[in-house]
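These notes concern the structure reproduced below.
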There are 2 protein chains.
Amino acid sequence: MATTATYTVAGMTCGHCVSAVTGELAALPGVQAVEVDLIKGGASTVTVVSDTPLEADRVREAVDEAGYDLVDPS
Amino acid sequence: MATTATYTVAGMTCGHCVSAVTGELAALPGVQAVEVDLIKGGASTVTVVSDTPLEADRVREAVDEAGYDLVDPS
């Protein structure tokens, strides 16, 4: 059964940013789907569906690689 | 001798936007250089160096193709 997790990503401002983050996350092993709810310049919500739960560090690295910051859950 | 012209483009928010606009303008015949001074979400200044003066409609089309709006000089 697939796992769904939601993350918060800061600093995204446009559709190009969405594409960059989506592309990096979609490239992680086991990821089936990525959906971004863009809040321009604010805290965007990113939902990732994967075969098994993803390691937080892998997600953080992918978001960082795209040029943005994963926000830790408060 | 090369010609330099400056345009105002609205709606660019990030480096990806700069890349999109730069790429479209650089693809116009005779364009030698494109420089963007990004004002996030505001009126960015785009400077284009070309062999001969560019037609305004060609510039407008290129900016539009990138997904942004050329602002008419006031």
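The values are calculated or read from the model by the stated rules, or taken from the named source; none is laboratory data. Since the model is a prediction, treat every value here as computed from it, not as a measurement. Cβ sites come from the backbone with ideal geometry, for glycine too, and all protein chains shown count toward neighbours. When the accessible area is computed, the model is the full protein with side chains, heavy atoms only, and any ligands, DNA or RNA have been set aside. Shrake-Rupley method; radii C 1.70, N 1.55, O 1.52, S 1.80 Å.
Residues in the range A:55-69 that are more than 14 Å from chain B (Cβ to nearest Cβ) and buried (at least 19 other Cβ atoms within 10 Å of the Cβ): A:Val59, A:Ala62, A:Val63.
Being out of contact with any helix residue (DSSP H, G or I) (no Cβ under 7 Å at 6 or more places or on another chain) and touching a residue at least 12 places away in the same chain (Cβ under 8 Å) is the filter here; which residues of the range B:43-55 pass it? Walk me through it before giving the result.
Initial filter on the range B:43-55 (out of contact with any helix residue (DSSP H, G or I) (no Cβ under 7 Å at 6 or more places or on another chain)): B:43-45, B:47, B:49-55.
Residues satisfying the conditions are B:Ala43, B:Ser44, B:Thr45, B:Thr47, B:Val49, B:Ser50, B:Asp51, B:Thr52, B:Pro53, B:Leu54.
Restricting attention to the range A:1-13, the residues that are within 14 Å of another protein chain (Cβ to nearest Cβ), open to solvent by 30 Å² or more (accessible area, probe 1.4 Å) and of a type in the set (S, T, N, Q) add up to 0.
The residues in the range B:14-42 that are open to solvent by 30 Å² or more (accessible area, probe 1.4 Å) and either touching a residue at least 40 places away in the same chain (Cβ under 8 Å) or within 12 Å of chain A (Cβ to nearest Cβ) (or both) can be counted, and the count is 9. Applying the set (1) open to solvent by 40 Å² or more (accessible area, probe 1.4 Å); (2) touching a Cys at 6+ places or on another chain (Cβ under 9 Å); (3) polar (S, T, N, Q) to A:Thr52 leaves exactly one unmet item: (2).
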